[in-house]
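Worksheet for the structure shown next.
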Amino acid sequence: MNTEALASFVKIAELRSLSAAAKLYGLPKSTLSLRIRQLETDLSVALFQRSGRNLLLTEAGLTLLRHARKILQNCDAARAAVTELSTDVTGTLRIGATGEFGTAFYAQMLIAFRELYPKVDIELTFFSPHMLYAADSFDMLDAVISWDEGREDTETLSTATFSLFASRSYLARAGMPDSPANLADHQGIVYRTPAGLQHWRLQKGMAQESILPRSNLIANDYWTVKYFAVAGEGIAYLPRFFTAIECERGHLVPLLADWESAEKPVSIRITRPHAASRRMAAFMDVCRRYFSPGFVFTGPRYYVEAIHDPNRPEEERQS
């Protein structure tokens, strides 16, 4: 039985869509379709049945999925065991992550790893936070990184704090808030979590505030929230590291400097600690060094550039 066909079958089964699997894993739909047909011909069964836009597993498909995951895990374990005999760090590293700050966080960390270990192949898969600990979704992953409250089986890599930010053009129109009480007079750009709208949770010493601002812009993507803030649409609640470049370039201004959120941990969980590999040990070493004091990232960084802002005062555009 062809392992590439089995791997393609698992990808399609998990996403319930040929198109979604092709897009997520960068494979031609025709290739995936051919592999499924080969499997069905080899086994003389139908593995999927269509329901609207989704592909649902038949009874035979459900049975194969259970065995396919075990087969692929055993193949990975055999490959890892042979690879460990080599002095080079090679093989495939499969990382799952929540998708809040993909390019500004996970991609940068993986580039730092690739600079040291170019022979390791990387597969990075983003998940919605509410799917994070669905065990059957992570059978094929080596580690999962998330922004959460931490678990006993995770290691905290770093922490981040959220603060408030707005553009100079917005502040020129609406004024600068000097206390959390003033935020009621301002327009917010609100992030939607799977559980609902995200409150702005701020603290200063022993004082704490939880604010849900008035808003006509809501998004479940932090990059979009930041874009709207740079465009002058209101105040955004974002991590400090995520707005560092925009603040350096003057596209965003930090507000209420003494008020910020509690520290939010960034955690990593090794999904198969019993099958530790040399590449996983190398990855953990790089992750720890990436967040250590004095580490300098030299790869490309992403940010929102305000090339044209129609709300910016005329004298600023001419300067």
Query - Residues (within 17 Å of ARG301 (Cα to Cα) and surrounded by fewer than 22 Cβ atoms within 10 Å (Cβ to Cβ)) located in the range 251-267 - result: none
Requested in this report: State the number of residues belonging to the range 171-189 that are surrounded by 12 or more Cβ atoms within 10 Å (Cβ to Cβ) and either over 18 Å from ALA236 (Cβ atoms) or in contact with a helix residue (DSSP H, G or I) (Cβ under 8 Å, 6 or more places away or on another chain) (or both).
Outcome: 5
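Which members of the range 220-242 meet the condition of being part of a strand (DSSP E or B) and in contact with a Lys or Arg (Cβ under 7 Å, 6 or more places away or on another chain)?
Of all residues in the range 220-242, those part of a strand (DSSP E or B) come to 235-239.
Of everything in the range 220-242, those that are part of a strand (DSSP E or B) and in contact with a Lys or Arg (Cβ under 7 Å, 6 or more places away or on another chain) turn out to be ALA236, LEU238.
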Query raised in the report: Across the range 64-75, what is the number of residues that are over 16 Å from GLU14 (Cβ atoms) and free of Cβ contacts under 8 Å to residues at least 60 places away in the same chain?
Result: 1
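Can you say whether ARG289 is outside the structural domain of GLY188 (by TED's automatic domain parsing), closer than 19 Å to MET109 by Cα and touching a helix residue (DSSP H, G or I) at 6+ places or on another chain (Cβ under 9 Å), as far as the supplied structure shows? Before you say what the answer is, go through the steps one by one.
On the way: outside the structural domain of GLY188 (by TED's automatic domain parsing): yes; closer than 19 Å to MET109 by Cα: yes; touching a helix residue (DSSP H, G or I) at 6+ places or on another chain (Cβ under 9 Å): yes.
Answer is yes for this residue.
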Query - Selection from the range 274-296 of residues that are more than 20 Å from the chain's Cα centre (by Cα), closer than 17 Å to VAL144 by Cβ and in contact (Cβ under 8 Å) with a residue 12 or more places away in the chain - result: ALA275, SER277, ARG279
Query raised in the report: Which condition number in (1) of a type in the set (Val, Ile, Thr); (2) outside any strand (DSSP E or B); (3) modelled with pLDDT under 95 is the one that THR159 fails?
Result: (2)
Report task. Scan the range 46-61 and give yes if some residue there is under 14 Å from MET1 (Cβ atoms), exposed (fewer than 14 other Cβ atoms within 10 Å of the Cβ), among the hydroxyl-bearing types (Ser, Thr, Tyr) and free of Cβ contacts under 8 Å to residues at least 60 places away in the same chain, otherwise no. Result -> no
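The values are calculated or read from the model by the stated rules, or taken from the named source; none is laboratory data. Worth saying up front: this structure is predicted, and the values here are computed from it rather than measured. Using ideal geometry, Cβ is built from the backbone for each residue, glycine included, and neighbour counts are taken over all protein chains shown.
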